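Chemist: Take a look at the following structure, please.
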Amino acid sequence: MELKGPRGAAGGGLKGVDRHAPPTRCAVITPQVTKRGARAGADRRSPEARLEEAVGLAAAIDLDVVYKGLVLISEVKPATYIGSGKVEEIAGIVAAEEVGLVFVDAALSPVQQRNLEKAWSAKVVDRTALILEIFGSRARTKEGTLQVELAHLNYQRSRLVRSWTHLERQRGGFGFLGGPGETQIEADRRQIGERIIRIERELEQVKRTRALHRTSRKRVPYPVVALVGYTNAGKSTLFNRLTQAEVMAQDLLFATLDPTLRAVDLPHGTRVILSDTVGFISELPTQLVAAFRATLEEVIEADVILHVRDISHPDTDAQAADVKDVLTELGIDVEAGGRLVEVWNKIDILPEAEREQLLNTAARAEPEARPELVSALTGEGAPALLDRIEAHVTAGRTLLSVTLAAEDGEGLGWLYRHGEVLERESGADGHVVVSLRILPERVDLVKRRFGAAQVRGED
């Protein structure tokens, strides 16, 4: 596998994977700390599930996984993370399987990475590096590529910039998977620092543009509904189901990176903006949490948040806890009854008995905390979910009836811009009666525009 780098050190982004090159043979190693020093949240899922997720991460970047293994350790070794005996054992496997890259599903220090590369005579990447590479291969918009590059540069700088090269000379994507043959140039902290400053300025401009777009949507006003969830939970498939769009949806970790927005008309005419966002994952690198905050602002500002869960996954509870950790870090209230609605997806692949049990569990829940059971693939449960969304976004809005002259096209357009028009009827006297739903604070605005006598509330 060969990943194309940015177009020169001053700009550009990943061009994608070279499909003509043979995939890199990869070994996946998941260390499991059995005593003190275990990673926060690691006990939420089984070691086997963590290993399978690591294999999925490697597959998401088109690596050819020829070996996978758990390594149980009592404590983290400062020099090599895992014990010397295991290092030697894996060295034999790497040689026998002709492995070109070893993915260690942990946060390695620069010293640990360098020592393991010497011991195994192969490229070694840790969890942060691999996720950065995946994100780089998925980014399509200017914002996405800038965010990936910013996270990458911060990661490199924190590691003494050991593998920084002038990007126009390197083969690899961002220096992680380039392989032998790269021209290594000594790190230049000043160059990286200047590039970080330029990217941050560009991202600030992107953020301002997105803020203007959000302000425009609020003036319309269209409520925003954001899809969040663990990676590969089926968010993009559900997004496509609800919007009839064709967003990339694959059985692949991090298939979606850049946020996608589409307008959706709900069953009773309410229009909302649906936002598909990047998937979350356990132990998301801190560089990415910071770099992708602009993307997640769509979630922070959303009127309704749909937490999509793969309810068929054996670690669905652990995945849900990881998502809520990130949402809490973003300052979002994850308690039931607020703007967060749980959507239990993939019920179509559950055994009948388990499916019935979940339906009973949902039916017994309090209405505001009740999960919605759906199959994004078959469409089952989608109508009920749309009704639930509409109930959320219209709660607290005031129903008004406004009478205006038939020739007052300007006034009719004003009502469409400032409220949610539900119905309009032509009266026998030539007037038009418009029923609309509007925010309570805008009622006086309507009365001033059309006169209090022409506006009345509806039950």
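Chemist: Within the group ARG388, ARG370, which residue is within 18 Å of PHE239 (Cβ to Cβ), among the basic types (Lys, Arg), surrounded by 13 or more Cβ atoms within 10 Å (Cβ to Cβ) and more than 22 Å from the chain's Cα centre (by Cα)?
Modeler: None of the other options fit; the residue is ARG388.
Chemist: Ok, one more. Kindly indicate whether GLU356 is surrounded by fewer than 12 Cβ atoms within 10 Å (Cβ to Cβ), of a type outside the set (S, T, N, Q) and within 40 Å of the chain's Cα centre (by Cα). Please lay out each step first, then the result.
Modeler: On the way: surrounded by fewer than 12 Cβ atoms within 10 Å (Cβ to Cβ): yes; of a type outside the set (S, T, N, Q): yes; within 40 Å of the chain's Cα centre (by Cα): yes.
Yes: the conditions hold for GLU356.
Chemist: Considering every residue within the range 405-428, establish whether at least one is in the same structural domain as LEU242 (by TED's automatic domain parsing), of a type in the set (Asp, Glu) and under 27 Å from ASN240 (Cα atoms).
Modeler: Taking every residue of the range 405-428 in turn, none turns out to be in the same structural domain as LEU242 (by TED's automatic domain parsing), of a type in the set (Asp, Glu) and under 27 Å from ASN240 (Cα atoms).
Chemist: Pick out the one residue from THR165, THR128, THR141 that is of a type in the set (S, T, N, Q), modelled with pLDDT under 80, within 19 Å of ILE199 (Cβ to Cβ) and more than 15 Å from the chain's Cα centre (by Cα).
Modeler: Step by step, each of THR165, THR128, THR141 is checked, and only THR165 is of a type in the set (S, T, N, Q), modelled with pLDDT under 80, within 19 Å of ILE199 (Cβ to Cβ) and more than 15 Å from the chain's Cα centre (by Cα).
Chemist: Considering only the range 427-452, state which residues are modelled with pLDDT under 85 and exposed (fewer than 11 other Cβ atoms within 10 Å of the Cβ).
Modeler: Once the filter is applied, which keeps residues that are modelled with pLDDT under 85 and exposed (fewer than 11 other Cβ atoms within 10 Å of the Cβ), the range 427-452 yields GLY427, ALA428, ASP429, GLY430, PRO440, GLU441.
Chemist: Give me the pairs, please: first residue somewhere in the range 428-455 and touching a residue at least 40 places away in the same chain (Cβ under 8 Å), second residue anywhere and hydroxyl-bearing (Ser, Thr, Tyr) and part of a strand (DSSP E or B), beta-carbon distance under 6 Å, and either six or more positions apart or on two chains.
Modeler: Qualifying pairs under 6 Å: ILE438/THR398; PRO440/THR398; VAL443/THR398; GLN454/THR403.
Chemist: Name every residue in the range 391-413 that is under 36 Å from the mean Cα position of the chain (by Cα) and farther than 26 Å from SER312 by Cβ, in order of residue number.
Modeler: Within the range 391-413, ALA391, VAL393, THR394, ALA395, GLY396, ARG397, THR398, LEU399 meet the criteria.
Chemist: Same structure again: Tell me, which strands (runs of 3 or more DSSP E) wholly within the range 404-459 include 2 or more residues that are acidic (Asp, Glu) and closer than 23 Å to VAL272 by Cα?
Modeler: Once the strands (runs of 3 or more DSSP E) in the range 404-459 are filtered for at least 2 residues that are acidic (Asp, Glu) and closer than 23 Å to VAL272 by Cα, what remains is 420-426.
Chemist: Mind checking which residues of the range 391-408 are surrounded by 11 or more Cβ atoms within 10 Å (Cβ to Cβ) and without any contact (Cβ under 8 Å) to a residue 12 or more places away in the chain?
Modeler: ALA391 - this is the single residue of the range 391-408 that is surrounded by 11 or more Cβ atoms within 10 Å (Cβ to Cβ) and without any contact (Cβ under 8 Å) to a residue 12 or more places away in the chain.
Chemist: Restricting attention to the range 330-353, and to residues there that are charged (D, E, K, R) and farther than 17 Å from ALA320 by Cα, which single residue is nearest to the chain's Cα centre (by Cα)?
Modeler: ASP348
Chemist: State all residues of the range 321-371 that are assigned to a loop (DSSP other than H, G, I, E, B) and at pLDDT below 85; if no residue qualifies, say none.
Modeler: Passing the criteria: LEU330, GLY331, ILE332, ASP333, VAL334, GLU335, ALA336, GLY337, GLY338.
The values are calculated or read from the model by the stated rules, or taken from the named source; none is laboratory data. All figures in this text were calculated on a predicted structure; none of them were measured in a lab. A quick note on method: Cβ atoms are made from the backbone with ideal geometry, for glycine too, and the neighbour counts reach across all protein chains shown.
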